[in-house]
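**Student:** Dropping a structure here in structure tokens format, bear with me for questions.
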Amino acid sequence: MANAELTFQNFVICSALLAFSWRLLKLFAKHPFDNLPGPPSPSIFSGNVKQFLTPQAWAFHQEISETYGHVIKYRGLGNQAQLWVSDPKALHYMMVKEQDIYSIPVQMRKLIFGEGLAATLGEQHRKQRKILNPIFSPRHLQEMIPIFHSVSQKLRDAIMSRVTSGPQEIDMLHWFNRTALELVGQSGLGYSFDNLGDGPPHPYSLSIKSLIPTMFRWQILPLVMPYVSELGTPAFRQGVVKLIPFADVQSIRSIFDMMEKTSQEIVRSKQQSNLEEHEQVGGGKDIMSILLKANTAAAKEARLTEVEVIDQVTTLVFGAVDTTSSALSRIFYLLAERPEAQSRLRDEICAARDQDGDLEYKQLDGLQYLDAIIRETMRLYAPVPFIDRVALKDTVLPLSQPIVGIDGTDIREIPIPKGTKLVVAIMRANRDSDIWGDDAQEWKPERWLASSPDKVANVHFPGVYSNTMSFSGGSRACIGFKFSLLEMKVVLCVLLESFAFSLSDKEIMWNLGNLVTPSVKDDKKPQLPLIVSKIL
């Protein structure tokens, strides 16, 4: 048995080395990107990856944007030529017109999301989207507002218990993570993960928080997975993973097992529940309850399989927790940094509240300064600063503005070879001074209180939210972005009525990555300590 395991491990390692060698040989062949400008590659193995993904790479991103413009050639893992894209016309082709050519990197997503919406392609994705889209309609969202208030009030009570005797430093990221999970748990899944008390966190919460960091510590994974994921049956692939002698890989396997077990438990408990709707968590108004009803009512050929339904759990949680907690953290940090904006927003919220009861959908929608603060924060500080696409076949990418090649010629379109990785540069697109003006790098909520400048109104970005790319675009745009915006509004209203927030003496660093996270300087742990005071 030991010899068999060793032989198989050697096979996996040799396969990865052969794949890497093949990519290395391709570096010396002529490439369509040879004339495109971009930063020099410092490493034949990792290209520019470390420059782009170092947690404090903000200055590097600004520098290359100013130097190279809207389409930038850079080198990825294995020194592969790749593109960093923020040109509006190019993004429209990638996200809308030729979206079936520019695919998500499906192998890694399949690992996390299985057959969920975030990992499916083509007709399967369209079928899932068709049945899920109505669930996020304004009518259904309005019915979730009482849940949003209930969870947000639990958060308020938890914080209040800590500041009753005076102002306290509180890690707000910790509380936003817990709250975001409970919000999507109750309103998305009809399931309670966390009562926001002092008890230990749910194992599922620990799993989803540790998965991505663990995966990215094992940096060979992106090179190996495109090949291992095609090997044999799922059972065979699981056997492959069990034989890989790395602690992080086995941690990933355990995390996946926990996530799958919890997802199955959630869906099957709702399928088998004999409780009346009003007795269920979420009152039967949650996304999963509505999905199960819609799926049962759909024509047989339009229904999702049980596996597809179960895998939507992970999709919903990943899509709603980290991004929402990151966005809330940034908003509260900005308000703590700018007390005049915080006071103005608090005044607007208090003025809108009736003598009794919580703010309803129309009242929340009418809070213009609240809306402006969220829009501006999502523009300038999108929680997800970039996303990947892969060309499934040879194609041509047109540009809205020509770029000047290394040889001095104008380039108006770029040949894209099959297999090319392209990055949708969300942060770069959202901060484009050609569109947003000379103050594009400044946080100015007031820009949303005036009519949009012609350049913004006429921009052809394919984004679904406020002429920005913050929630992506096309048929793969974030399906729950209105859900996320609404829950953020409720959390802001509930907390700002009760508390004032100010900066502590600890310097906060915002770390760039697939998700932007805050931490204290010289401490890698994600956290956002703020001084919280009770409003008398």
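A short reminder: the numbers here are calculations on the coordinates, not readings from a lab. In this text, all values refer to a predicted model and were calculated from it rather than measured experimentally. Glycine gets a Cβ as well: all are built from the backbone with ideal geometry, and neighbour counts include every protein chain shown.
**Student:** Gain in length, ARG344 to GLU63, computed as 0.36 nm per residue apart minus the alpha-carbon separation, to one decimal in nm? Before the final figure, lay out each step's value.
**Tutor:** Working: separation 281, 0.36 × 281 = 101.16 nm, distance 3.47 nm.
Roughly 97.7 nm would be gained on extension.
**Student:** Could you line up TYR465, TYR68 from fewest to most neighbouring Cβ atoms inside 10 Å?
**Tutor:** Values: TYR465 21, TYR68 18.
Lowest to highest Cβ neighbour count: TYR68, TYR465.
**Student:** Run the simple label-point estimate for SER165 and GLN250 please: 7 Å along Cα→C-beta, distance reported in nm.
**Tutor:** For SER165 paired with GLN250, the spin-label model returns 4.5 nm.
**Student:** Please work out the Cα center distance from the stretch 82-144 to the stretch 385-452, rounded to the nearest Å.
**Tutor:** 19
**Student:** Going through the stretch 418-522, which GluC sites (Glu not before Pro) have at most 16 other Cβ atoms within 10 Å and a DSSP loop state? Working shown, then result.
**Tutor:** Values: sites: GLU442, GLU446, GLU487, GLU497, GLU507; in loops: GLU442, GLU507.
Of the GluC sites (Glu not before Pro), the ones in loops of the stretch 418-522 whose Cβ has at most 16 other Cβ atoms within 10 Å are GLU442, GLU507.
**Student:** Modelling each spin label as a point 7 Å along the Cα-to-Cβ direction, I'd like the ASP365/PHE45 distance in nm, to one decimal.
**Tutor:** Distance between the two pseudo-spin positions: 5.6 nm.
**Student:** Related question: If r is the Cβ-Cβ distance from ARG303 to ASP257 and R0 is 25 Å, what FRET efficiency results, to the nearest 0.05? Before the final figure, lay out the partial values.
**Tutor:** Details: r = 27 Å, r/R0 = 1.08.
So, using R0 = 25 Å, E works out to roughly 0.40.
**Student:** What's the magnitude of the charge dipole for the stretch 373-525 around its Cα centre, counting Lys and Arg as +1 and Asp and Glu as -1 at the beta-carbon? Answer in Debye, nearest 20.
**Tutor:** Values: 19 positive and 19 negative charges, 125 e Å.
My answer is approximately 600 debye.
**Student:** If you plug each phi of the stretch 124-139 into the Karplus form 6.51 cos²θ - 1.76 cosθ + 1.60 with θ = phi - 60°, what whole-Hz ³J(HN,Hα) values come out, in order, with x for Gly and Pro?
**Tutor:** 5, 5, 5, 5, 5, 4, 4, 7, 8, 3, x, 5, 9, 6, x, 4
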